[in-house]
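Inspection log for the structure reproduced underneath, given as structure tokens.
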Amino acid sequence: MDPDIQCEELTGSRWTELVSSMKNSKSIRLDDCSLSRSHCEDLCSVLSTNQSLKELKLSNNELKDDGVEVLCKGLLTPSCNLELLWLQNCSLTGACCESLRSVLSKKPSLTELHLGDNKLETAGGKVLCKGLLDSNCKIRNLTLSYCELTKDNAELLTSVLCAKPTLKELNLSNNELGDAAIKQLCRGLMDSNCNLELLHLENCGVTAESCADLSNVLRTKPSLIDLAVGDNKFGDAGLALLCQGLLHPNCKVQKLWLWECDLTAASCKDLSNLIRTKESLIEMSLITNSLGDAGMDLLCQGLKDPKCKLQSLWLRECGLTSACCESIRSVLSTNMSLKELQIGSNKLEDEGVKLICEGLRQPSCNIESIWLGDSDATAGCCDSIAAVISTKQCLREIDLSNNMLEDAGVRKLYEAVKSPNCKLKHLVLYDIYWSSEVDDELQALEESKPGLKIIS
């Protein structure tokens, strides 16, 4: 079997045995295994001799620059055909980027490179771009999140976007780029050679000023189907500009992440219009925006439209109360496309949870995952939750964490999960306190239903 190991310290005979097994592996995963430069010597040998090896994942190890430089020697051997390389959070700096540039320039087999959570800084980013611009480089998926890149990297990154039609996914999240850099990147995104499908710019200093440029990209690039701009404080004004591009017929976006963008109920009319008209849109995150009940009521108008095809909606920490739950009940009663609803961390209370459960029980509701954690719920609503669990066979996951359910409420859930009609796979109960007797009952229940995992 291909090694797939996480969180295990690999030393001595255990490591020797693994190295021997890697000689014919197609995929190797050794995340968070306390690997260092000495391990990289052995991995270099594997890379230089195993022509079948396609994937190597080494994230969360202290490889440091000298370890990666050793790996690169193996990557550069003619027999190495590696396609995917993960080196996230490996204590790398810009000092190793010349070695990585050489690999990018000489290995067209390498199509996916993940370097997030490493302090490559501006200089390292520029060196990498020189490799990306080489005609031999065929990278399709590039992750440079948390790499301490700056606005001074934008020029070369823009050149990469213009020169590399093979590049499909680019993650630049959590770098201090700012509006000027975003505007420059948008010029590359609009180039006729650019075929990017995924763009992640979370926490990159995007303001309303550069939302107009992103909007232009959305209206001209149907290839872009995944856009994440969460944790940027562009507010309602920026969202209005983004929606102009999102609503354009050319835009085919499928996933849209807008978490913590300082949005309010004022944005919800545009968002509702987007939900009801953009049939390509299947996933949206609005977590930690102060939408309130009025905003949720507006969103529900879009969600009830027959043209809405949204499958996943995340609304945690949006300032909701039980006052909007009648609208949510109505959505769940009519919307057949919605599969996942994360609505926890809102003050729904028992009254709101009961209304949501009424919607969940309707025949037209196809929800597979519902998150109601931290909703100020008590045992008083557990009869309603239990009725959903015991009758809704499409339901696979329910999160009720951090609610005051106590023994009485948890026992009602226990009885519901015992039902042969219950097809639940994950019952999530973090930070809920129950007696040792109830704990024994839950353990016995988990053992009696092999497909069930109770997470607490």
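The values are calculated or read from the model by the stated rules, or taken from the named source; none is laboratory data. Because the structure is predicted, anything quoted here is derived from the model rather than measured. Heads up, the Cβs are rebuilt from the backbone with ideal geometry, glycines too, and the neighbour counts pull from every protein chain shown. To get the accessible areas, we keep the full protein, side chains included, count just its heavy atoms, and leave off ligands, DNA and RNA. Shrake-Rupley method; radii C 1.70, N 1.55, O 1.52, S 1.80 Å.
What the table shows:
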quantity: Solvent-accessible ranking of His114, His248, largest area first, probe 1.4 Å; calculated: His248, His114
quantity: Long pairs among Lys183/Lys233; Lys151/Lys221; Lys126/Lys252; Lys418/Lys453; Lys233/Lys347; Lys168/Lys252, criterion Cα-Cα beyond 21 Å; calculated: Lys151/Lys221; Lys126/Lys252; Lys233/Lys347
quantity: Separation between Cα centres of the stretch 343-416 and the stretch 65-82, rounded to whole Å; calculated: 51 Å
quantity: Carbon/sulfur fraction of accessible area - the chain, other protein chains in place, 1.4 Å, %; calculated: 47 percent
quantity: Per residue solvent-accessible surface (Å²) - the chain, probe of 1.4 Å; calculated: 41 Å²
quantity: Centre separation in Å (Cα based) which lies between the stretch 226-263 and the stretch 1-54; calculated: 42 Å
quantity: The stretch 1-148 - Rg (one decimal) and Dmax (whole number), Cα, Å; calculated: 14.1, 43
quantity: Asn421-Cys7 pseudo-label distance in nm [points 7 Å out on the Cα-to-Cβ vector]; calculated: 3.7 nm
quantity: Three-way shape call for the stretch 310-440 based on the alpha-carbon gyration tensor, with the a/c threshold at 1.5; calculated: oblate
quantity: Loop sites in the stretch 1-56: trypsin sites (Lys or Arg not before Pro), DSSP, at most 12 other Cβ within 10 Å; calculated: Lys26
quantity: Separation of the Ser337 and Asp440 label points, Cα + 7 Å toward Cβ, nm; calculated: 5.0 nm
quantity: Ranked packing of 410-420, 58-68, most packed first, by mean Cβ within 10 Å; calculated: 58-68, 410-420
quantity: Neighbour cut-off at most 11 other Cβ (10 Å), DSSP loop, trypsin sites (Lys or Arg not before Pro), the stretch 266-354; calculated: Lys307
quantity: Student exercise, the chain dipole from Lys, Arg, Asp, Glu Cβ charges, in Debye to nearest 20; calculated: 2120 debye
quantity: FRET E, pair Glu279, Lys119, Förster distance 45 Å, beta-carbon r, rounded to 0.05; calculated: 0.60
quantity: Entry for Cα extents along the principal axes in Å (calculated from the structure that is shown) out of (1) 64, 56, 29; (2) 90, 62, 50; (3) 93, 55, 35; calculated: (1)
